[in-house]
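Below: the structure, in structure tokens.
The values are calculated or read from the model by the stated rules, or taken from the named source; none is laboratory data. Here the structure is a predicted model, which means the values were calculated and not measured. Note that each Cβ is placed from the backbone with ideal geometry, even for glycine, and that neighbours are counted across all protein chains shown. Keep in mind that these areas ignore ligands, DNA and RNA; they rest on the heavy atoms of the full protein, side chains included. Shrake-Rupley method; radii C 1.70, N 1.55, O 1.52, S 1.80 Å.
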Amino acid sequence: MKKFACLLLPTLVLASCGGQDTPTVTTYTSISGTVREPGTPDADDTVMPTTAWTGGAGTVQATVAGAGPQGTASGALSSGGAFTLTLPADVTTQALSSDAFLLPGTAELSCTGTPSISDAAARFAALDVAVQANRQGQVAPSRVSLIGTAADPVGLKSESGTFIYADRPVSVTGAQTCTITEAGQTYAVTSSLNMTLGRGWNKTTATLAVTATQLSLSLSSGTFPTEEWVYLGGSTLAGAAAPRPAFELELPAALNTFRFPGLR
């Protein structure tokens, strides 16, 4: 199972609907952007700011796990963080996965709802993008914001963009709700899928929103949450906001499983 398989909830099974037409969508053959770094939030910030890239000139590398040389591409990174690179044109069969949105179930969950896929034979891959300069690490179109107000936050929302490759036009839609109980407290965990993918590289956004008792996951296609490619430095964007305690939220242990390790 590829590393981006941990996108959704346990017991998620994609069932074939068969015979559905998918609308025309935009696919991409290249990336252009500017790398920025996480900033330090002010007291009244509800969205974590970013600052200019300070890591110097170098390269940007895009990689498809398991695809070998065909799944790797690189481009120049300017001292100001600007870059352009061509995406891998052909993703080899061995790098594609049919279980891209599956996670093995766990016995303690009670779930309802089954998202569906328009073509059960579809195969997928995700793209990792990293910088190699005076600083090294992953970059992604990322944004972290508070739920509620700066003075009284009730939760945290993290959005991350990733290119997903599909080997054919396909739609993945639907929702699932699960519950889990820990120390007498019941937590609701919901997921939703709203993706229409074309053959090739598609923009997708993974969103995680969490409060003290609820966590929701969503995956949509067509856009990124921002066009800023934020330097993650080997950690999550939310973790980079440690100087502002309101941007940190300690999840109950029961919910720590439901992260986006593949799409951050």
- Compactness of region 44-195, expressed as Rg and Dmax over alpha-carbon positions, Å: 19.6, 53
- Note on the structure: By accessible area (1.4 Å), largest first, 218, 160 order as 218, 160
- Task: Could you work out, for region 120-188, what percent of all Cα-Cα pairs fall into each 5 Å distance bin, beginning at 0 Å and stopping at the bin that holds the largest distance?
- Result: 3, 9, 10, 12, 17, 16, 15, 11, 5, 1
- How much accessible area does residue 152 have with a 1.4 Å probe, in Å² rounded to the nearest 10? 100
- Item | Solvent-accessible area of residue 135 with every protein chain in place, 1.4 Å probe, in Å² to the nearest 10 | 90
- Treating the beta-carbon of each Lys and Arg as +1 and of each Asp and Glu as -1, no other charges, what is the dipole magnitude of region 139-236 about its Cα centre, to the nearest 20 debye? 280
